[in-house]
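The values are calculated or read from the model by the stated rules, or taken from the named source; none is laboratory data. What you see is a predicted model; the values in this text were computed from it and never measured. Reconstructed Cβ throughout: ideal geometry from the backbone, glycine too, with neighbour counts over all protein chains shown. Protein only, heavy atoms only, side chains kept; ligands, DNA and RNA dropped before computing areas. Shrake-Rupley method; radii C 1.70, N 1.55, O 1.52, S 1.80 Å.
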Amino acid sequence: MKWLLSQRIGWEIRVRTVLYRLGLSKTTDAHYLTSYPSPQNAVDILQGEWRSRLPDPLAQVKAGPLSLFEDGRIAWLVEQIGGVEGMTVLELGPLEGAHSYMLEQAGAKCITAIEANSQAYLKCLIVKELLELKKIRFLCGDFVAYLREEPGPLFDLGVASGVLYHMKNPAELLALLTKRCQRSLFLWTHYYDEALIAKNPRMAHKLTGSVPATYQGFEHTLYRHDYQEAKYMPGFSGAGGGYSHWMTRDDILNCLTFFGFGDIQIGFDDPDSKNGPSFALIARPQQ
Ligand SMILES: C[S@@+](CC[C@H](N)C(=O)[O-])C[C@H]1O[C@@H](n2cnc3c(N)ncnc32)[C@H](O)[C@@H]1O
């Protein structure tokens with residue numbers, strides 16, 4: 001056994017050496033930095049993959065263009081629910097930890113943030129280290145698998161921004177969230193609207209058909225959304241499997257009501273958004 005292992009290692013080293021000589025592989029030297037330690041070095045481990053601009057004191061670090069660390073949707077959520085001080089929060093798909101950071105800054109007691117994309121997860125860890133975040137636990141894996149597991153922890157607040165329209169079974173995600181979030185659930189999502197999608201050349205060809213569906217007695221329609229070329233873009237922030245299902249706005253609202261979260265407040269209505277109509281909402285259990 002030991003002999004076989006040493007033979008295998010010997011072969012691996014020979015193959016790697018040949019690949020390196022042919023210019024087809026890098027040596028481990030490529031992983032070593034020789035410059036003075038800096039936040040930019042850490043960010044550049046995933047150079048070209050960043051979506052967000054980092055906040056002070058890292059504003060000079062080159063990352064991405066989007067202002068997700070000062071996102072008006074999260075500021076609106078915090079204001080509408082009277083603050084998050086002392087709350088336990090479940091965040092789905094943190095991407096680069098921007099909303100997680102805002103929730104920690106706003107005083108949340110602890111934030112459990114679940115990210116399935118391994119590169120995004122590493123970006124969250126880099127952000128956590130660089131911004132010295134103390135209240136956030138980033139978990140690496142699928143949040144649907146996490147939510148299906150029973151019994152699971154309960155949270156005061158759920159934050160599901162930019163994730164519903166990446167689901168294959170979005171009604172299941174809404175139903176699972178209503179079981180785990182005791183006080184409020186924040187959602188920002190795209191939705192399907194036949195007339196609005198038809199007049200959007202960027203999206204119309206990606207929404208390719210519909211099927212009727214029922215989840216635990218809730219009847220609705222699923223609209224297939226194919227990622228197409230988007231999934232090859234650097235920093236792609238969707239989901240695996242090549243497609244997802246979108247719901248109509250009414251089906252989203254009716255689904256939340258069906259599963260007991262019928263006290264709903266809507267904001268950020270953007271029917272003409274270039275990536276498809278979108279809106280935000282805060283849903284609470286109806287009395
Ligand atoms: C469009 S981004 C939204 C990022 C951020 N929440 C925001 O609103 O700006 C979707 C994120 O959810 C993650 N994601 C998608 N499906 C997931 C799943 N099933 N489990 C965990 N993370 C998922 C993606 O990797 C990505 O980071």
### Task
Choose one of 233, 30, 152: the residue whose Cα lies farthest towards the positive end of the charge dipole of the chain (beta-carbon charges +1 Lys, Arg; -1 Asp, Glu; about the Cα centre).
30
### Task
Within the range 158-242, report the trypsin sites (Lys or Arg not before Pro) that DSSP leaves as loop and that have at most 13 other Cβ atoms within 10 Å.
199, 202
### Query
Which one of 17, 209, 190 has its Cα pushed farthest toward the positive end of the charge dipole of the chain, where Lys and Arg give +1 and Asp and Glu give -1 at the Cβ?
17
#### Entry: Span per principal axis, largest first, for the Cα atoms of the range 68-284 (Å)
45, 39, 31
## Note on the structure
Looking only at lysines whose Cα falls under 23 Å of residue 206's and that sit 8 or more positions away or on another chain, we get 168, 231, 274
### Message
With +1 assigned to the C-beta of every Lys and Arg and -1 to the C-beta of every Asp and Glu, and no other charges, what is the dipole magnitude of the chain about the Cα centre in debye, to the nearest 20?
### Response
1160 debye
### Task
Mind telling me which of 19, 122, 222 comes out most flexible in a GNM of the chain, alpha-carbon contacts under 10 Å?
19
### Task
Go ahead and set up a Gaussian network model of the chain, Cα springs under 10 Å, then flag whichever of 97, 238, 217 fluctuates most.
217
### Query
Which percent, to the nearest 5, of DSSP beta bridges fully inside the chain are antiparallel?
55 percent
### Summary
For residue 134, counting only lysines whose alpha-carbon sits under 20 Å away and dropping same-chain residues fewer than eight positions off, the answer is 109, 123
### Query
Going through the range 87-140, which trypsin sites (Lys or Arg not before Pro) have at most 11 other Cβ atoms within 10 Å and a DSSP loop state?
134
### Query
Which Rg and Dmax, in Å, describe the Cα atoms of the range 44-162?
13.9, 44
### Task
Compute the accessible area per residue over the chain, keeping the other protein chains in place, probe 1.4 Å, unit Å².
55 Å²
### Message
Could you work out the relative contact order of the chain? I mean the mean sequence separation of Cα pairs under 8 Å and 6+ apart, divided by the number of residues, in percent.
### Response
14 percent
### Message
Could you give the length gained by full extension between residue 219 and residue 250, i.e. 0.36 nm per residue of separation minus their alpha carbon distance, to one decimal place?
### Response
10.0 nm
### Query
Which distance in Å, rounded to a whole number, links the C-alpha centroids of the range 67-123 and the range 176-190?
14 Å
#### Entry: Karplus-derived 3J(HN,Hα), 6.51/-1.76/1.60, for each residue of the range 229-235, Hz, glycine and proline x
5, 4, 6, 9, 6, x, x
